[in-house]
Amino acid sequence: MILVRATQKLLNTQRLKPQTVDLSAITLPILGTWYANTVTSSFKGKSLVIYVHEPSLVTVVTVGKTIKKTFPNFITSLEKLLKRFSFPTVFINEQMAYFKENAITKTDSRKMLGYMNSITDSLIGRMYTYQNFEEIDLEEEENILMNLLHGSTPNNYFRPIHYWENYLKGEDPFKQSLDSENELIQLIPDANKLSRSEDLHMENQLMKLQLENILGGQIMNGSNDGIPAEIENLFLKNIIEFEKQVTKSTKVTVNDLLKNPKFKAADSLNEKQLKSELKKINLLLNKKFIQLDFLDNYSDLVKYKFITEELINQETQTLNIPGMITHFIYEEFHPNHEFDVKNKIKHFIYTMLDEEELDSSNFKYTCSNEILLNKQSISLKELEEKVKFFHLIHNAEEVMDYRKKELLFNKNNTKAKVIGTLEFKKPGTKTKTKYDMNFELKNNDSLWEITSIDFELLN
């Protein structure tokens with residue numbers, strides 16, 4: 001059997017009554033205790049549930065709002081995670097057998113809740129990089145969290161991956177991988193050869209000297225605590241290889257890299273032909289490790305003309321480093337101010353309506369430090385208090401959507417004004433109420449931020 005300790009918020013969501021568990025009467029397996037909490041994403045109506053192992057902090061991310069819905073996916077995803085990180089097959093099979101039975105109870109560790117908050121902050125911070133909920137790569141998020149650094153002092157920092165590396169070697173799971181200079185070198189008794197850790201350390205030091213010669217200055221000054229020697233070794237090798245190739249590389253156009261392919265004129269192609277030609281071009285780009293991203297939605301004609309008339313003339317370097325991809329972003333060539341402004345408003349609305357995750361720090365991603373609210377200058381902390389009062393009077397679940405009526409830019413696209421309404425629907429009825437909600441934004445170093453909000457319900 002395994003034990004799931006759910007936060008009160010998660011228990012309330014499913015209206016679950018925590019079970020009473022006599023821990024003295026049972027023996028839990030190594031992967032027997034998990035803390036669970038709901039995480040509201042930056043996309044309206046979309047939530048995640050995270051399961052965090054005590055004490056290693058291995059985290060599994062699932063889609064949903066309740067334990068009932070997410071628990072089967074949690075079991076499947078956990079097994080996949082263990083296999084991705086090459087846990088022994090015997091260990092995986094042995095531990096997964098215990099997941100046939102479970103008990104759900106309440107949390108009992110403030111320390112674990114603190115860890116979960118840092119995990120949640122890390123997760124939410126990346127949510128804003130996704131354009132839609134379906135793009136979220138749960139496995140990639142789990143991989144990132146497997147390497148997330150936890151702890152409050154230099155002597156108790158650890159990562160989940162290091163916890164298990166030590167555990168599976170029969171060592172103290174919380175042992176510091178790189179506590180001090182002395183621990184970097186572990187000599188083999190009665191042997192006249194370097195240990196693996198000593199060999200890596202020596203190689204890393206030599207590569208640092210080599211890089212200093214190349215770059216003409218000291219690098220990586222200070223402590224390297226928490227960086228595994230294997231990771232540092234791989235990083236240094238990649239940097240050296242990159243620097244070597246940069247000095248020898250020449251600049252060529254994308255067209256030259258693709259070996260001057262012949263493109264059909266865009267105006268001569270119908271919609272079906274455009275799709276077919278775009279597929280061919282993308283295959284050509286992928287073979288040369290070139291990726292083109294479009295942040296907004298555009299027609300196939302716009303994409304095709306951009307690639308065949310502009311991108312092919314862009315210069316890039318002739319580097320041959322395994323795994324290295326050259327990225328181009330369409331909006332860096334053709335700024336899409338309307339998309340950026342609408343996206344900024346969308347994230348502000350989601351932040352405002354998310355009572356459970358409400359925090360003034362979340363507004364810094366969308367607002368200037370000092371903004372005008374209904375013509376009055378306030379700080380982001382004051383904005384947070386206004387929004388909290390809004391939640392006391394209004395049920396955020398009644399909010400339908402924000403409807404943009406008009407979007408205006410000044411001549412130089414340095415300022416924008418959005419005129420719209422926030423629509424409410426009374427539960428159990430078809431009655432809808434609309435309130436004017438207007439925004440002003442400014443373009444600050446190519447990033448839009450909200451400088452003014454007019455919304456009477458935030459008075």
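Just so it is clear, none of the values below were taken in a lab; they were calculated from the coordinates. These figures come from a predicted structure and were not determined experimentally. Methodologically, a virtual Cβ is constructed for each residue, glycine included, from the backbone with ideal geometry; neighbour enumeration extends over all protein chains shown.
A few notes on this one:
- Percentage of interatomic Cα-Cα distances in the range 337-458 larger than 23 Å: 28
- 3J(HN,Hα) along the range 17-31: 9, x, 7, 8, 10, 8, 5, 6, 9, 10, 10, 7, x, 4, 9 Hz, from the Karplus curve 6.51 cos²θ - 1.76 cosθ + 1.60 with θ = phi - 60°, whole Hz, x for Gly and Pro.
- Distance violations [Cα-Cα > 24 Å] among LYS342/LYS364; LYS17/LYS430; LYS305/LYS417; LYS386/LYS434; LYS69/LYS425: LYS17/LYS430; LYS305/LYS417; LYS69/LYS425
- Remark: relative contact order (the range 251-333) = 50 percent; criterion is Cα-Cα distance under 8 angstrom and separation of 6 or more residues.
- Neighbourhood charge, 11 Å Cβ-Cβ cut-off, centred on GLU315 and excluding it, Lys, Arg +1 and Asp, Glu -1: 0
- Estimated at 0.36 nm per residue, the fully extended path between LYS100 and THR429 surpasses their Cα-Cα distance by 114.1 nm.
- Peptide packing: for 80-90, 3-13, the average count of neighbouring Cβ atoms within 10 Å per residue gives the ranking 3-13, 80-90, highest mean first.
- Cα gyration tensor shape of the range 251-333, rounded if a/c is under 1.5, else prolate or oblate by comparing a/b with b/c: prolate
- Calculated P(r) of the range 1-136 - Cα pairs past 20 Å, %: 46
- All lysines inside 18 Å of LYS288 as judged from Cα atoms, apart from same-chain residues fewer than 8 positions distant: LYS251, LYS259, LYS262, LYS279, LYS280
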